[in-house]
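Single-structure report; data block below.
Each reported figure results from applying straightforward, stated rules to the coordinates on display, with no laboratory input. None of these values were measured; they are calculated from a predicted model. Glycine gets a Cβ as well: all are built from the backbone with ideal geometry, and neighbour counts include every protein chain shown.
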Amino acid sequence: MFEVCFLGTSASAPSVERNMTSTLLIHEGERFLLDCAEGTQRQILQSGLGFKDLRRIFLTHGHLDHILGLGGIASTFGRWEAISHMEIYGGRWALDRVRDLMKVVLRSREVDIDIELIEVKPGRLVEGKNLTVDAFSVIHRGAGCFGYVFQEKEKRPFLVEAAEQIGVPAGPERRRLVAGEAIQLPNGRIVQPQEVLGEPIPGTKFVYVGDIARIDEVVEPARGADALVMEATYLQEDVEIARKFGHITAAESATCALTAGVKQLFLTHISRRYSGPLVAGEARAIFLDTTVANDLDRAIIKRGNP
């Protein structure tokens, strides 16, 4: 299960209603910041979620409306000594810009924080106990643009009745079986995990995509996702403008969601020229389970539960 909070949902520049792009994702208490626009730290405070354990930041690309908030975040963390180490993931071009930004922020000894810049390439980035994070390349403007797949690991339910019939006592023996280890009972019998574990149940899948010029690279990584977050900077009537600036339309995002067979589509990066209902109307005509995110909207993402 994931909790997602849309900290900022505007494209390129803020509006009265929307801050620029940033999203907070929470999984089993671990927090991930996806893009970090100007004003992000205030949006986090407004959300009430706070900064606790916010150590990993994933950048989709290096445009300023996706990275300028990093300076403020680093300064606040360093001054408060709330977090001493940050990991910032991004393409080479994005990290080059972040490195230049941090030269200004960290120039004074007033800010003390260790920042690790991790260059993203397609493939596995994080291998946790119950979660993996993978990156995939997308097309926007410039090199090193990425989308991210957050995938819970599959689980096999423990079959209590089967364990009781065999005589497996409650306690550490059952935990070892769940962990995939065989155990030996007092009577000498060896119990294998498959004897007391059910069929694998896939984990929840969350896919996040920043600015893109086409959907081709997104369909397969997003296949079967429980939630897909994509941009909807333009409407189809302005598709030529979208192409000029390396963006897609709400209709194209909806088509991607439909083709990939996702459960829910969340649209963000909304241009100030359109209202949310207008964007939603275009997308829902193609993919019904579409939500146009507003700033500070929150959602719980569960496997198979739109």
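General observations
- Neighbour counts of other Cβ atoms within 10 Å put ILE115, ILE139 in the fewest-to-most order ILE139, ILE115.
- Extension gain, GLU30 to ALA170: 0.36 nm times the residue separation minus the Cα-Cα distance gives 47.5 nm.
- Computed over the chain: relative contact order in percent, which uses C-alpha pairs under 8 Å that are six or more apart: 17 percent
- Over 26 Å between alpha carbons, listed pairs LYS52/LYS129; LYS52/LYS153; LYS103/LYS129; LYS52/LYS155: LYS103/LYS129; LYS52/LYS155
- For ASP238, ASP65, ASP35, order by how many other beta-carbon atoms lie within 10 Å, fewest first: ASP238, ASP65, ASP35
- Between helix 92-105 and the chain there is an angle of about 70 degrees, using the helix long axis and the longest principal axis of the Cα atoms.
- Gyration tensor (alpha-carbon) shape descriptor, the chain, a/c threshold 1.5: oblate
- When each of the peptides 170-183, 37-50 is scored by how many other beta carbons lie within 10 Å of its residues on average, the order from highest to lowest is 37-50, 170-183.
- Tensor-based shape of segment 3-138 (alpha-carbon gyration tensor, a/c under 1.5 rounded, otherwise prolate or oblate): rounded
- Point-to-point label distance, ALA182-ASP289, nm (Cα→Cβ direction, 7 Å offset): 4.1 nm
- The orientation-averaged projected area of the convex hull spanned by the Cα atoms of segment 180-306 comes to 10.3 nm².
- Alpha-carbon centroid distance for the pair segment 179-241 / segment 60-132, whole angstrom: 26 Å
- Fewest neighbouring Cβ atoms within 10 Å first, the residues LYS129, LYS205, LYS153, LYS52 line up as LYS129, LYS52, LYS153, LYS205.
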